[in-house]
Amino acid sequence: MARVTARRVQLFDQLVALFLDEGFAHLTLDEIAARLHCSKSTLYTVAAGKDDLVRAVTVHFFRTATDAVEDAVAAHADPLQQVSAYLEAVGDQLSAASHQFMEDLAASTSARQVYEKNTSIAASRVREMIVRGVEAGVFREVHASFVADAASSTMVRIQQRDVYKATGLDDAQAYRELAALITTGIAATGAPLPSTT
């Protein structure tokens, strides 16, 4: 049983690597099987068809990425460093994805839904960290819900490829810029922000 599970994880890792590198829209199940040196029936043990396979691989990618992101956060005790580590780690995980993969992801309903769900979870996680930091007095007295909403809106725009279209930044770069923007904005410097009036 353990060997079957290990083979399944290995297969998913190979599928993720292939999809991240080349995208998936142009690949047939026959081509995927040939590239991974496995039978088509092996692919059918993890998914009923290509759309199911794409969704399952996308879920595997984001589950693995989430674990890596949370490991990055756990390495820091300071709330500001945790927020920065979280967003930068998201960027790091997405940096492995080719432009073609991100385009295919945006065009695939099932894969896009997985990305949307993960973006929503990530936005909630960022909000939670910001609220905790404000309550602990580590961050400026920002309106935590507003900052989290702004972060969430940007994260959704990144996921929907709007940031890429507007700025040319890929998702990984955009998350790193978002990390810099938010952490600079919420850091307790002891000085009030300049008036906008």
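The values are calculated or read from the model by the stated rules, or taken from the named source; none is laboratory data. Values in this document were obtained by computation on a predicted structure and should not be read as measured data. When we count neighbours, we look across all protein chains shown, and the Cβ atoms used for this are built from the backbone with ideal geometry, even at glycine. Quick note on the areas: whole protein, heavy atoms, side chains included, nothing else; ligands and nucleic acids left out. Shrake-Rupley method; radii C 1.70, N 1.55, O 1.52, S 1.80 Å.
Some points to look at:
- Restricting the range 125-158 to residues that are in a helix (DSSP H, G or I) and open to solvent by 70 Å² or more (accessible area, probe 1.4 Å), the residue that is farthest from residue 101 (Cα to Cα) is 135.
- Qualifying residue in the range 159-177 (condition: more than 25 Å from residue 97 (Cβ to Cβ) and either at pLDDT below 80 or among the basic types (Lys, Arg) (or both)): no
- Residue in the range 96-118 that is touching a residue at least 40 places away in the same chain (Cβ under 8 Å), open to solvent by less than 30 Å² (accessible area, probe 1.4 Å) and within 22 Å of residue 186 (Cβ to Cβ) present: no
- Any hit, the range 79-87, residues being without any contact (Cβ under 8 Å) to a residue 12 or more places away in the chain, open to solvent by 80 Å² or more (accessible area, probe 1.4 Å), of a type outside the set (A, V, I, L, M) and more than 23 Å from residue 113 (Cα to Cα): yes
- In the condition set (1) surrounded by 12 or more Cβ atoms within 10 Å (Cβ to Cβ); (2) in a loop (DSSP other than H, G, I, E, B), residue 26 is compliant with all but (1).
- Qualifying residue in the range 131-147 (condition: under 15 Å from the mean Cα position of the chain (by Cα) and charged (D, E, K, R)): no
- Residue match in the range 31-40 (condition: open to solvent by less than 70 Å² (accessible area, probe 1.4 Å) and on the phi > 0 side of the Ramachandran plot): no
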